[in-house]
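Enquirer: Can you keep this structure in mind? I'll have questions shortly.
Rule-based calculations on the coordinates, nothing more; no lab input. The model shown is predicted, which means the values in this text are computed figures rather than measured ones. Methodologically, a virtual Cβ is constructed for each residue, glycine included, from the backbone with ideal geometry; neighbour enumeration extends over all protein chains shown.
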Amino acid sequence: MNQIFQYSRLALVLLSVMAGIVMSCARKQPEDVPLTFAFVPGVADPFYYAMERGARQMAEALGITFIVSDYPATWGPRTQISVLDTLAAREKIDAILIAPTSVDALTAPLKAFATRGIPIITVDTFLGDGDYSKSADYAFPLSYIGTDNELGGKKIAENLARLLGESGKVYVNTTNADVSSVEGRVKGFLAGIAEFPNMEVVKVDYCLDVQDVARAQTLHALQTNPDIVGVFGTNVFSAQGAYQAVVETGLTGAVKIAAWDATPDLIGALRDGHVDLVLAQKPAEMGALAVEWAHKYITHQAPVPKKIISGFEFFTLDNVNEPAMQQFVYQ
């Protein structure tokens with residue numbers, strides 16, 4: 001009986017070891033199964049094209065099938081909700097990387113994917129207040145990956161103030177009131193300008209991501225406030241429209257322009273002396289990080305930081321032609 005007991009005990013040990021091996025293989029299995037990630041950009045512009053490039057390069061390096069939704073011609077939740085409805089009908093989506101076009105309107109459509117076990121990472125913009133560590137209805141995404149927009153807005157204000165001798169009236173053209181990224185930039189800019197007692201923000205306009213509207217609004221602001229000496233455009237469309245208005249009125253040089261987003265157009269305008277300062281985000285890095293962290297989470301159950309902040313760089317006339325800076329132009 002002793003010998004039988006020993007054999008039984010050995011068999012149990014062997015079964016336990018084999019079970020462990022099987023479970024270990026099961027945990028690693030996702031690495032061997034092709035994953036499909038979907039990228040949902042905010043709008044058709046050079047910033048999101050650069051983000052797609054970074055995400056696609058990382059996906060190819062990791063063997064991930066990478067699909068991109070159609071680029072919306074205009075900014076807004078209605079288009080993105082339609083895109084998400086289309087994605088929901090697909091047989092296989094393993095992760096969604098999205099720049100939500102509203103802090104509120106995308107919560108329910110995205111949560112429907114999360115309840116199916118599909119991880120969500122928000123890039124550039126976020127849901128709610130962006131703090132996904134909270135116990136809140138909007139806090140289901142794995143992470144927010146993007147710029148510290150408030151800090152960037154504050155730094156823009158400080159740099160523009162120096163260009164203006166820390167005195168004068170300035171104007172802000174931004175996009176939409178319910179978009180986390182640009183609202184952070186405006187908030188930071190207003191806080192930054194408030195530190196200079198001889199400076200004043202005369203108006204904040206919303207162009208709804210339409211460059212021609214930004215141009216018209218800036219023209220009107222310059223006409224009604226002829227003592228404006230500085231302008232801040234908070235994204236691609238607001239900045240490009242604003243600087244065009246300044247050029248048209250013949251105020252280049254007299255009105256300093258601070259632009260957010262290093263598009264080829266804005267960098268060219270900086271070289272030509274039409275723009276004075278350009279903040280470059282790092283969209284390709286955001287896209288690559290989103291793919292990398294989603295992959296780590298799915299294949300290794302790696303804990304994902306709730307917020308990952310990418311940096312930014314400033315282009316000025318002094319450094320715009322430096323070789324090291326060219327990587328930050330949105331291509």
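Enquirer: Output the 0 to 90 degree angle, nearest 10, between the alpha-carbon long axis of helix 2-28 and the longest principal axis computed from the alpha carbons of the chain.
Expert: 20 degrees
Enquirer: Also, I was wondering about something else. If one takes the longest principal axis of the Cα atoms in the chain, at what angle in degrees, from 0 to 90 and to the nearest 10, does the Cα axis of helix 283-300 lie?
Expert: That works out to roughly 10 degrees.
Enquirer: Using the count of nearby Cβ atoms within 10 Å as a rough guide to exposure, how do Ser133, Ser310, Ser180, Ser167 rank from fewest to most?
Expert: Ordered by Cβ neighbours within 10 Å, fewest first: Ser133, Ser167, Ser310, Ser180.
Enquirer: On to the next question. Pull up all non-local amide H partners of Val68: gap of 5 or more, or a different chain, and H-to-H distance under 5 Å with H placed in the peptide plane.
Expert: Phe39
Enquirer: Still on this structure: Starting from the stretch 76-113, pick out the trypsin sites (Lys or Arg not before Pro) whose DSSP state is loop and whose Cβ has at most 13 other Cβ atoms within 10 Å. Show your work: numbers first, answer last.
Expert: Numbers: sites: Arg78, Arg90, Lys92, Lys111; in loops: Arg90, Lys92.
When the trypsin sites (Lys or Arg not before Pro) of the stretch 76-113 are filtered for loop state and at most 13 Cβ neighbours within 10 Å, Arg90, Lys92 remain.
Enquirer: Can you compute 3J(HN,Hα) from phi for each residue in the stretch 118-128, using the Karplus curve 6.51 cos²θ - 1.76 cosθ + 1.60 with θ = phi - 60°, rounded to whole Hz and x for Gly and Pro?
Expert: 8, x, 10, 10, 9, 10, 6, 10, 9, 8, x
Enquirer: Go ahead and set up a Gaussian network model of the chain, Cα springs under 10 Å, then flag whichever of Met199, Met51, Met286 fluctuates most.
Expert: In the Gaussian network model the winner is Met199.
Enquirer: Enter the Cα centre distance for the pair the stretch 117-160 and the stretch 200-273, rounded to the nearest angstrom.
Expert: With the stretch 117-160 and the stretch 200-273 each reduced to a Cα centre, they are spaced 26 Å.
Enquirer: Can you give the angle from 0 to 90° between the axis of helix 149-163 and the longest principal axis of the chain, with both taken from C-alpha atoms, to the nearest 10?
Expert: 30 degrees
Enquirer: Taking +1 at the Cβ of each Lys and Arg and -1 at the Cβ of each Asp and Glu, which of Ile121, Ser181, Val204 sits farthest along the dipole of the stretch 84-227 towards its positive end, judged by Cα position relative to the Cα centre?
Expert: Going by the charge dipole, the pick is Ile121.
Enquirer: With an 8 Å cut-off on Cα pairs and a minimum separation of 6 or more residues, tell me the relative contact order of the chain in percent.
Expert: On the way: 668 pairs, mean separation 61.2, N = 331.
The value is 18 percent.
Enquirer: Most mobile of Gln281, Gln57, Gln80 per a Gaussian network model of the chain (Cα springs, under 10 Å)?
Expert: Highest fluctuation among the options: Gln57.
Enquirer: Give the order of Lys187, Lys282, Lys155 when sorted by the count of other beta carbons within 10 angstrom, beginning with the fewest. Intermediate values should be presented prior to the final figure.
Expert: Numbers: Lys187 14, Lys282 22, Lys155 19.
By the 10 Å Cβ count, ascending: Lys187, Lys155, Lys282.
Enquirer: If you work out percent of Cα pairs over 33 Å apart from the coordinates, which of (i) 35; (ii) 49; (iii) 19 do you get?
Expert: After the calculation, the listed value that fits is (i).
Enquirer: With 5 Å bins from zero, work out the P(r) of the stretch 121-270 over every alpha carbon pair and list the percent per bin.
Expert: All Cα pairs considered, the percentages come to 2, 10, 20, 21, 20, 12, 7, 5, 3, 1, 0.
Enquirer: Let me ask you something else. What net charge do the residues around Ala50 carry, taking every other residue with its C-beta under 15 Å from that of Ala50, with Lys and Arg at +1 and Asp and Glu at -1? Don't skip to the answer; put the middle values down first.
Expert: Working: positive: Arg53, Arg56, Lys282; negative: Asp45, Glu52, Asp124, Asp261, Asp265, Glu285, Glu313.
So the environment of Ala50 carries a net charge of -4.
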